[in-house]
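Student: Here you go, one structure.
The values are calculated or read from the model by the stated rules, or taken from the named source; none is laboratory data. Bear in mind the structure is a predicted one, so any value in this text is a computation, not a measurement. Cβ: placed from backbone, ideal geometry, glycine included. Neighbour counts: every protein chain shown.
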Amino acid sequence: MTMQKNHRITICTSCKHKGTECRPGYELIDALRAAITAAGDALSEDFEVSGVACMAGCDRPCTVAYHGSQKATYLFGDIDPNEDIDDLVTFAKQYAYLHDGWSSSFERPGKLRTSTLARVPSAIIAMETCDVRAS
Ligand code: FES
């Protein structure tokens, strides 16, 4: 039986290292899957790691997104499979416990403090905010 996972990390498989034809997204997916598995069942049973062809952050390779049901979505850029796996795992642990996924830059680990390309509120939170403003 396949368990439904509550969170997803999506990694761009089309990003190229600047000035090369190397696309490190698949390497990043493999390294992050291994690190999340090594972090224990609580994390590995809660996070899916997958790839997508492009997330429109092409000038900041690699891009990595965090999504969760009723949570803010993050898009990070400049992620390096050889340097940033620990920060990605640490943020996954934080993100899992944030009820709305919202965190400020100083709460995020390492490079994720300065490499955030977007933080988008969940659709439900955004609609509630619109309702409040409309009333
Ligand atoms: S090629 Fe990776 S975000 Fe566009």
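Student: Looking at (1) at pLDDT 95 or above; (2) within 16 Å of the ligand (Cβ to nearest atom), find the lone condition where L112 falls short.
Tutor: The one condition L112 does not meet is (2).
Student: Identify all residues within segment 38-54 that are aliphatic (A, V, I, L, M) and closer than 13 Å to A92 by Cβ; write none if there are none. Steps first, please.
Tutor: Taking segment 38-54 and keeping what is aliphatic (A, V, I, L, M), we get 38-39, 42-43, 49, 52-53.
Listed by number, the residues that qualify are A38, A39, A42, L43, V49.
Student: Can you report the number of residues in segment 89-110 which are more than 13 Å from the chain's Cα centre (by Cα) and of a type outside the set (G, A, S)?
Tutor: 6
Student: Only one of these conditions is not met by N6: (1) under 24 Å from Q94 (Cα atoms); (2) in contact with a Lys or Arg (Cβ under 6 Å, 6 or more places away or on another chain). Which number is it?
Tutor: Only one criterion is unmet by N6, namely (2).
Student: Kindly provide the set of residues from segment 39-60 that are in contact with a strand residue (DSSP E or B) (Cβ under 7 Å, 6 or more places away or on another chain) and assigned to a loop (DSSP other than H, G, I, E, B), ordered by number.
Tutor: In the first step, residues of segment 39-60 are kept if they are in contact with a strand residue (DSSP E or B) (Cβ under 7 Å, 6 or more places away or on another chain); the result is 46-52, 54-55, 57, 60.
Within segment 39-60, D46, C54, M55, G57, R60 qualify.
Student: Among the listed residues A96, A42, A126, which satisfies the condition of being over 29 Å from H17 (Cβ atoms) and either at pLDDT 95 or above or touching a Leu at 6+ places or on another chain (Cβ under 9 Å) (or both)? If you could, list the steps in order and put the result at the bottom.
Tutor: Numbers: A42 fails: either at pLDDT 95 or above or touching a Leu at 6+ places or on another chain (Cβ under 9 Å) (or both); A126 fails: either at pLDDT 95 or above or touching a Leu at 6+ places or on another chain (Cβ under 9 Å) (or both).
Result: A96 is the single residue among A96, A42, A126 that is over 29 Å from H17 (Cβ atoms) and either at pLDDT 95 or above or touching a Leu at 6+ places or on another chain (Cβ under 9 Å) (or both).
Student: Of (1) modelled with pLDDT under 95; (2) hydroxyl-bearing (S, T, Y); (3) touching a helix residue (DSSP H, G or I) at 6+ places or on another chain (Cβ under 6 Å), Y66 satisfies all except one. Which?
Tutor: Of the numbered conditions (1) modelled with pLDDT under 95; (2) hydroxyl-bearing (S, T, Y); (3) touching a helix residue (DSSP H, G or I) at 6+ places or on another chain (Cβ under 6 Å), the odd one out for Y66 is (1).
Student: If a residue must be of a type in the set (A, V, I, L, M, F, W, C), more than 10 Å from the ligand (Cβ to nearest atom) and either more than 19 Å from T116 (Cα to Cα) or in contact with a Cys (Cβ under 6 Å, 6 or more places away or on another chain) (or both), how many such residues does segment 30-83 contain?
Tutor: Here the count works out to 10.
Student: Can you work out which of the residues in segment 1-38 that are basic (K, R), part of a loop (DSSP other than H, G, I, E, B) and surrounded by 13 or more Cβ atoms within 10 Å (Cβ to Cβ) is nearest to the chain's Cα centre (by Cα)? Show your work before the answer.
Tutor: Taking segment 1-38 and keeping what is basic (K, R), we get 5, 8, 16, 18, 23, 33.
Remaining after also requiring part of a loop (DSSP other than H, G, I, E, B): 5, 16, 18, 23.
Checking which are surrounded by 13 or more Cβ atoms within 10 Å (Cβ to Cβ) leaves us with 5, 16, 23.
On the way: K5: 14, K16: 18, R23: 18 Å.
Looking at the filtered set, the residue picked out is K5.
Student: Restricting to segment 80-103, and then to whatever is closer than 26 Å to A123 by Cα and aliphatic (A, V, I, L, M), can you tell me which residue is surrounded by the most Cβ atoms within 10 Å (Cβ to Cβ)?
Tutor: The residue in question is L88.
Student: Tally up the residues in segment 87-101 that are over 10 Å from A39 (Cβ atoms), among the charged types (D, E, K, R) and part of a helix (DSSP H, G or I), please. Quick ask: steps written out before the conclusion?
Tutor: Within segment 87-101, the subset over 10 Å from A39 (Cβ atoms) is 87-88, 91, 94-101.
If we keep only those that are among the charged types (D, E, K, R) too, we end up with 87, 100.
This time we only want the ones that are part of a helix (DSSP H, G or I), so: 87.
Total meeting the criteria: 1.
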